[in-house]
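Colleague: Input: one structure, supplied below.
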Amino acid sequence: MSDNPLGGVTEYVDQYSPDLLYPMPRQVGRGSLGIGDELPFSGVDIWNAYELSWLNEKGRPVVAIGEFQFPVTSANIVESKSLKLYLNSLNGMKYGSVEVVESLVKGDLERVCGSEVDVRFTPVALVTIPAASTLPGVCIDELDVQVSAYEVEPTLLENSTQAGNEVAETLHSHLLKSNCPVTGQPDWASVLVGYRGDKIRHEALLKYLISYRDHDEFHEHCAERIFIDVLHYCRPTALTVYARYTRRGGLDINPFRSNFETPPQNFRLCRQ
């Protein structure tokens, strides 16, 4: 990350600047997990943008909420600070309609990511947001565990299954924390693990998730690391990992990875 300019002081630009978008190859993170061209999962990264504005043709500001969906098959992800700076560069620009801005942003993101990206902008006056949702399944956060590992320790999952006790269950935790490898700032998340297979000891899974606390990695790669580690050590026949991160810079990022389910509808947790 030493060549990445986004970890330092950046200038606020309010004139359209697509060159602010900074691509990060997915394979950089996946290579360390032994993931090649054939992905062991499908899924999507769902981003929500809450600081999004431009001017209409008469100069009156338009304020909207944006949703972006990046497929896991894209060659690159967009570094989140660079997306914030890019969206800020729309603030002083005049556009004739929401659709014009959507199309512009969609084209820029697709060029950076190397794949199709779903982009939806909704003016705030037209947004209807239901009450905060909760993750399905059993919350494991109150288990009485002794914790000493705060840097990713996948061997905490070793021998954590009960052979012959096959279950289908959904577990979740609100204790996931990692750090941005660019800025060093903390990233907070709730994470769901749904699986079919030999029952996983809940205490072992919780201690493993807590071990991300001092780990430096992007949201998307954290979700994929969790998926690969659970798949390797627990060997479920079906697995889903879904992380809902809290927002920083007006953006929240929500990676979904599964080898048997399709992505759920976008929703908000109470911390989002």
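Each reported figure results from applying straightforward, stated rules to the coordinates on display, with no laboratory input. Small disclaimer: the values here were computed from a predicted structure and weren't measured. Using ideal geometry, Cβ is built from the backbone for each residue, glycine included, and neighbour counts are taken over all protein chains shown.
Colleague: Provide the packing ranking of 70-82, 219-231, 101-113, i.e. peptides ordered by the mean count of other C-beta atoms within 10 Å per residue, highest first. Walk me through the numbers before you get to the answer.
Modeller: Values: 70-82: 20.8, 219-231: 23.1, 101-113: 18.6.
Ranked from most to least packed, the peptides come out as 219-231, 70-82, 101-113.
Colleague: So, by mean Cβ neighbours within 10 angstrom, what's the order for 209-216, 17-24 with the highest one leading?
Modeller: Details: 209-216: 19.5, 17-24: 17.6.
Final packing ranking: 209-216, 17-24.
Colleague: Cα convex hull of region 66-225: mean projected area in nm², to one decimal? Walk me through the numbers on the way to the answer.
Modeller: On the way: hull surface 49.1 nm².
Averaging across all directions leaves 12.3 nm² for the Cα convex hull.
Colleague: Could you list VAL147, VAL119 in order of exposure, starting from the residue whose Cβ has the fewest other Cβ atoms within 10 Å?
Modeller: Details: VAL147 12, VAL119 21.
Listing VAL147, VAL119 from fewest to most nearby Cβ atoms yields VAL147, VAL119.
Colleague: Report, to the nearest 10°, how far helix 219-234 tilts away from the longest principal axis of the Cα atoms in the chain, using its own Cα long axis and a range of 0 to 90°.
Modeller: Tilt relative to the chain: about 20 degrees.
Colleague: Sorting VAL138, VAL44 on the 10 Å Cβ count, fewest up front, what's the list?
Modeller: Numbers: VAL138 11, VAL44 21.
With the sparsest Cβ surroundings first, the list reads VAL138, VAL44.
Colleague: Let me ask something else about it. Computed over the Cα atoms, what is the radius of gyration of region 175-272 divided by 2.2 N^0.38 Å, N being its residue count? Spell out each step's value before the answer.
Modeller: Details: Rg = 13.3 Å, N = 98, 2.2 N^0.38 = 12.6 Å.
Taking N as the residue count of region 175-272, the ratio is 1.06.
Colleague: Under a straight-distance cross-link criterion of Cα-Cα below 12 Å, which aspartates and glutamates are reachable from LYS199, leaving out those fewer than 8 residues away in the same chain?
Modeller: GLU166, GLU169
Colleague: Using alpha carbon coordinates only, what is the Rg to Rh ratio of the chain, with Rh defined as the Kirkwood radius? Could you put the intermediate results ahead of the total?
Modeller: On the way: Rg = 19.5 Å, Rh = 19.6 Å.
Reported Rg/Rh (Cα atoms, Kirkwood Rh): 0.99.
Colleague: Roughly what % of DSSP beta bridges within the chain run antiparallel, to the nearest 5? Numbers along the way, then the final one.
Modeller: Values: 53 of 58 bridges.
Roughly 90 percent of the DSSP beta bridges within the chain come out antiparallel.
Colleague: While we're looking at this one, here's another question. Among all the lysines, which ones have a C-alpha under 24 Å from LYS177's C-alpha, if same-chain residues fewer than 8 places away are not counted?
Modeller: Once the sequence-local lysines are set aside, what remains near LYS177 is LYS81, LYS84, LYS207.
Colleague: Let me ask something else about it. Could you state the angle between the C-alpha long axis of helix 98-113 and the longest principal axis of the C-alpha atoms of the chain, as a value from 0 to 90 degrees rounded to the nearest 10?
Modeller: 50
Colleague: Let me ask another. Report the Cα-based extents of region 21-87 along its three principal axes, largest first, to the nearest Å.
Modeller: Extents along the principal axes, in whole Å: 52, 20, 16.
Colleague: So how do THR183, THR240 line up by other beta-carbon neighbours within 10 Å, fewest first? Let's see the in-between values first.
Modeller: Details: THR183 18, THR240 24.
Lowest to highest Cβ neighbour count: THR183, THR240.
Colleague: A follow-up question, please. Give me D for region 5-126 in µm² s⁻¹, whole number, from Stokes-Einstein with Rh from the Kirkwood sum over alpha-carbon pairs, 4 °C and 1.567 mPa s.
Modeller: Result for D is 84 µm²/s.
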